[in-house]
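See below for the structure under consideration.
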Ligand code: NAD
Ligand code: MG
């Protein structure tokens, strides 16, 4: 029996993780669940999974949650609040696996704490890795933690690696990664119409059902930019070894091209329970609840090269990793602020890359060798992006 802590339990990945856990209750016991503010979903999850402890980051919501638990069969659940408590529950002794599924930079410290504590880290929170790549991988190596990628593409790549492969290792016989992307909802929209795209249109992804932030990232293809950086870190490759491929059917989740010309692909229905179940059962496999792939329904598979004119965010991600140091952190922070402003209807869809690019131009990258430097760059870039947005809308 393994103990699991789910950081970001109430989100899209968190909900899918609990769905898989429920199918394997003889193998996994939920120790801790965390939420930012959504105590209604958390309450239902607590009724079903009865964790020992929960974190509700927002203090007022945490108090309301404690009230809600009173005189119920789950009144014994310990309720913590504040961001520091996330690190505490991610490192508890009876926690073996940590699902890192908080969205954005907020997930960095608890995900890193789990890595430092030598846990099996199931990493969905790509932003954490983009920000702290070298430090994160060093923490994993030092503590002997196991790092398993949840992002479907990276999970696919990991599955296509030779037996015994560990994330962070360089696989000399793999010469390239083909990183697939659906291209999002605006893959074919005339470029001049992108300016009018609404948040509702942007979050309506054709193949995947995900949180709002990553859905917008998929529409701008910043998601693929972040994933390209994530792949460089996880598989110790250079950006020129990673070819982004638009594959609108989202059946192949990525491929590895070997020196002998063999290309291995991992396929399946687009449902995050597959990579989640794979990582939870690893090195074995178990049922994920996902329907078998009907290859006849798929019928055909298409592949195209992405246009950097249509998707400037992808270009910015290549520029950020080429600059290195704190620049990927700056890219990520500016993107988080710009996406939020777009979702709040303060800026247009096409302003997102504009804000990020202006922000990146304002900073010199520093060597990202301490957490303090990274967190400072994150903070500065957030302030700068907010200022840029202010100038844009006035
Ligand atoms: P989501 O918005 O649905 O859920 C986010 C979770 O994080 C929620 O539980 C929320 O309570 C918590 N959270 C948000 N802000 C927080 C804060 N400041 N402090 C603490 N907790 C906070 O997001 P999601 O789609 O589940 O994505 C989660 C992560 O997984 C992201 O990094 C995303 O890029 C990655 N990912 C998601 C998918 C997917 O299919 N949804 C696929 C691949 C990777
Ligand atoms: Mg992905």
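The values are calculated or read from the model by the stated rules, or taken from the named source; none is laboratory data. A quick note: this is a predicted structure, and the numbers were derived from the prediction, not measured. No Cβ is skipped: glycine too gets one built from the backbone with ideal geometry, and neighbour counts run over all protein chains shown.
For region 208-227, which positions are away from ligand 2 (no atom under 11 Å from the Cβ) and either part of a helix (DSSP H, G or I) or over 15 Å from the mean Cα position of the chain (by Cα) (or both)?
Listed by number, the residues that qualify are 212, 213, 215, 216, 219, 220, 222, 225.
The conditions are (1) more than 16 Å from ligand 2 (Cβ to nearest atom); (2) out of contact with any strand residue (DSSP E or B) (no Cβ under 6 Å at 6 or more places or on another chain), and residue 126 fails exactly one of them. Which is it?
So residue 126 meets the others, but not (1).
Just the residues that are within 15 Å of residue 177 (Cβ to Cβ) and within 13 Å of ligand 1 (Cβ to nearest atom), please, taken from region 235-257.
253, 254
Among the residues of region 252-260, is there at least one that is assigned to a loop (DSSP other than H, G, I, E, B), within 15 Å of ligand 2 (Cβ to nearest atom) and either within 16 Å of the chain's Cα centre (by Cα) or farther than 26 Å from residue 350 by Cβ (or both)?
Within region 252-260, not a single residue is assigned to a loop (DSSP other than H, G, I, E, B), within 15 Å of ligand 2 (Cβ to nearest atom) and either within 16 Å of the chain's Cα centre (by Cα) or farther than 26 Å from residue 350 by Cβ (or both).
Restricted to region 15-43, and to residues that are farther than 21 Å from residue 87 by Cα and within 13 Å of ligand 1 (Cβ to nearest atom), which residue is surrounded by the fewest Cβ atoms within 10 Å (Cβ to Cβ)?
Result: 40.
Do any helices (runs of 4 or more DSSP H) entirely within region 261-363 hold 1 or more residues that are touching a strand residue (DSSP E or B) at 6+ places or on another chain (Cβ under 8 Å) and outside the structural domain of residue 135 (by TED's automatic domain parsing), and if so, which?
273-281, 312-323
Can you confirm whether region 17-33 contains a residue that is touching a helix residue (DSSP H, G or I) at 6+ places or on another chain (Cβ under 9 Å), within 16 Å of ligand 2 (Cβ to nearest atom) and in the same structural domain as residue 121 (by TED's automatic domain parsing)?
Yes; the residues of region 17-33 include at least one that is touching a helix residue (DSSP H, G or I) at 6+ places or on another chain (Cβ under 9 Å), within 16 Å of ligand 2 (Cβ to nearest atom) and in the same structural domain as residue 121 (by TED's automatic domain parsing).
Which numbered condition trips up residue 12, out of (1) within 16 Å of ligand 2 (Cβ to nearest atom); (2) touching a helix residue (DSSP H, G or I) at 6+ places or on another chain (Cβ under 7 Å)?
Checking residue 12 against (1) within 16 Å of ligand 2 (Cβ to nearest atom); (2) touching a helix residue (DSSP H, G or I) at 6+ places or on another chain (Cβ under 7 Å), the one that fails is (2).
Which of the residues spanning region 233-251 are within 15 Å of ligand 2 (Cβ to nearest atom) and farther than 18 Å from residue 295 by Cβ?
233, 234, 235, 242, 244, 245, 246
If you go through region 128-143, how many residues are surrounded by 21 or more Cβ atoms within 10 Å (Cβ to Cβ) and within 17 Å of the chain's Cα centre (by Cα)?
Summing the residues that are surrounded by 21 or more Cβ atoms within 10 Å (Cβ to Cβ) and within 17 Å of the chain's Cα centre (by Cα) in region 128-143 gives 7.
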